Amino acid sequence: MTLRVSRRGLVPPFIAMDMLSAANAREAAGDRVIHLEVGQPGTPAPQAVLAAARAALAENRIGYTDAAGIAPLRQAIAAHYRAQYGVAVDPAEIAVTTGSSAAFQLAFLAAFEPGDRVALAAPGYPAYRNILSALGLETVLIEVGENAHYQPNPDLLADAGDLDGLIVASPANPTGTMIAPADLARLCDYCRERGIRLISDEIYHGITYGAPAQTARAFGGEGIVVNSFSKYYSMTGWRLGWMIAPPDLARSIECLAQNFYISPPALSQLAALPVFQCRAELDGHVARYRRNRDLLTATLSAAGLARIAPAEGAFYLYVEVAALTDDSAVFCRRMLEEIGIAATPGRDFDPLHGDRWLRFSYAGPSDDIADAASRLSEWLPRTGQGPKAKA
């Protein structure tokens, strides 16, 4: 007798993690690999966070917490919104989560019914559509490119039919593009007027290279705001994020969190308490990301890969490689094998046109980025002289 396998689990892989696995396997075999495939800062958590974690281990029982997180951390997050954005947020509206990944799952379950239509940008973060698909929701891909600054806008949404939800990200993964405050306000108004639930992914706030990012909460309280301690705060493995939930969803999110996760990691919550006072240390990381971005951009442009999405924030370059390959997955495997650089194929982010694109993460140490630039500057011109890489 053959046992049934749920279709909900038959989602595409997160290819960036597959690439990480392949890169780790090469490292285990003794090869030197430069990791440009995952969005992980090359620095540990701030010193004050590490000190708080040590103190918590010595002094605290490290047990369950409230499902929505400990009160001091929720208060610190609310204070952050006052200081950083001039926006008042009640700590009771904040739910601390097991990474932003848990926040998205909770948001989708609380806000949508199976079969609802949720729009998102292509290219965009693949886990959005994969989680939505696993939950029985219909993903509506909004093709965005240079003409739309790689971001959704009301004109594009108007062509998508009736929608129940919209996910936006500014700065965005994989492109690094941002939505200007006035444009974000128009999107919020558009969604409010049509009964579309807006979910704003703000996990790369703080990592910007010009104007700071604005929170969607500044333009109304109907949407859901998701953020994380992983990126700007350099706490990826601590698995800690947060969300601001509107009043009509707050209790649903709390009950879902109770049943799914019990509570966010207690040690991570206690460690994160001082992180909002670490901006000088963290802004130093952002300055390094800027230098890494500029070096990698110059290297790729000199090698003829000049079509790059405007990297205004986050720590990625989304690069067209159509002159070199018709299959960026094959191209990435070849790059890993031949010069020991791991990157992520564009198909991970865009099932429509991603075979002609790939993403480099420049979040790692500057020495790694310089080494990668040197290897790419020698390898890419040779690659372009041969036939295109094909599946």
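The values are calculated or read from the model by the stated rules, or taken from the named source; none is laboratory data. What you see is a predicted model; the values in this text were computed from it and never measured. Reconstructed Cβ throughout: ideal geometry from the backbone, glycine too, with neighbour counts over all protein chains shown.
Would you be able to tell me the number of residues in the range 325-352 that are among the hydroxyl-bearing types (Ser, Thr, Tyr) and under 20 Å from the mean Cα position of the chain (by Cα)?
1
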For the subset of the range 182-214 comprising residues that are out of contact with any helix residue (DSSP H, G or I) (no Cβ under 7 Å at 6 or more places or on another chain) and of a type in the set (Ser, Thr, Tyr), which member is surrounded by the most Cβ atoms within 10 Å (Cβ to Cβ)?
-> TYR204
Within the set of pairs 6+ apart or on separate chains, which have a first residue in the range 51-76 that is touching a residue at least 60 places away in the same chain (Cβ under 8 Å) and in the same structural domain as LEU270 (by TED's automatic domain parsing), a second that is polar (S, T, N, Q) and surrounded by fewer than 18 Cβ atoms within 10 Å (Cβ to Cβ), and C-beta atoms under 8 Å apart?
-> ALA67/GLN258
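Residue by residue, here is whether (1) on the phi < 0 side of the Ramachandran plot; (2) out of contact with any strand residue (DSSP E or B) (no Cβ under 7 Å at 6 or more places or on another chain) holds:
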site	(1), (2)
ILE15	yes, no
LEU50	yes, yes
ILE62	no, yes
GLN84	yes, yes
THR97	yes, no
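To keep it simple, each residue is scored yes or no on (1) modelled with pLDDT under 95; (2) outside the structural domain of THR139 (by TED's automatic domain parsing); (3) among the charged types (D, E, K, R).
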residue	(1), (2), (3)
ARG293	no, yes, yes
ALA298	no, yes, no
ALA303	yes, yes, no
TYR318	no, yes, no
ARG356	no, yes, yes
ALA372	no, yes, no
LEU376	no, yes, no
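Kindly provide the set of residues from the range 2-33 that are part of a loop (DSSP other than H, G, I, E, B) and in contact (Cβ under 8 Å) with a residue 60 or more places away in the chain, ordered by number.
Answer for the range 2-33, where residues must be part of a loop (DSSP other than H, G, I, E, B) and in contact (Cβ under 8 Å) with a residue 60 or more places away in the chain: VAL11, PRO12, PHE14, ASP31, ARG32, VAL33.
If I ask for residues that are assigned to a loop (DSSP other than H, G, I, E, B) and either crowded, with 20+ Cβ neighbours inside 10 Å or in contact with a Phe, Trp or Tyr (Cβ under 9 Å, 6 or more places away or on another chain) (or both), which ones from the range 34-61 would you list? If you could, list the steps in order and put the result at the bottom.
The first filter runs over the range 34-61 and keeps only residues assigned to a loop (DSSP other than H, G, I, E, B), leaving 36-46, 60-61.
LEU36, GLU37, GLY39, PRO41, GLY42, ALA45, PRO46, listed by residue number.
Could you say which residue among ARG288, ARG382 is assigned to a helix (DSSP H, G or I), basic (Lys, Arg) and crowded, with 16+ Cβ neighbours inside 10 Å?
Just one listed residue meets the conditions, ARG288.
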Which is in the same structural domain as TRP242 (by TED's automatic domain parsing) and within 30 Å of ARG279 (Cα to Cα), of GLY136, GLY161, GLY176, GLY165?
-> GLY176
Cβ-Cβ under 8 Å pairs, at least 6 apart or on other chains, the range 35-48 side among the hydrophobic types (A, V, I, L, M, F, W, C), far side part of a loop (DSSP other than H, G, I, E, B) = LEU36/ALA343; LEU36/TYR362; LEU36/GLY364; ALA45/TYR233; ALA45/SER234; ALA45/MET235; ALA48/PRO274; ALA48/CYS278
Can we say ALA342 is crowded, with 23+ Cβ neighbours inside 10 Å and in contact with an Asp or Glu (Cβ under 6 Å, 6 or more places away or on another chain)?
-> yes
Here the residues within the range 107-134 that are among the hydrophobic types (A, V, I, L, M, F, W, C) and either closer than 21 Å to ALA16 by Cβ or surrounded by fewer than 16 Cβ atoms within 10 Å (Cβ to Cβ) (or both) are PHE108, LEU120, ALA121, ALA122, ALA127, ILE131, LEU132, ALA134
Scan the range 179-215 for residues that are in contact with a Leu (Cβ under 8 Å, 6 or more places away or on another chain), in a loop (DSSP other than H, G, I, E, B) and either among the aliphatic types (A, V, I, L, M) or not assigned by TED's automatic domain parsing to the domain that holds PHE112 (or both) and jot them down.
-> ILE179, ILE196
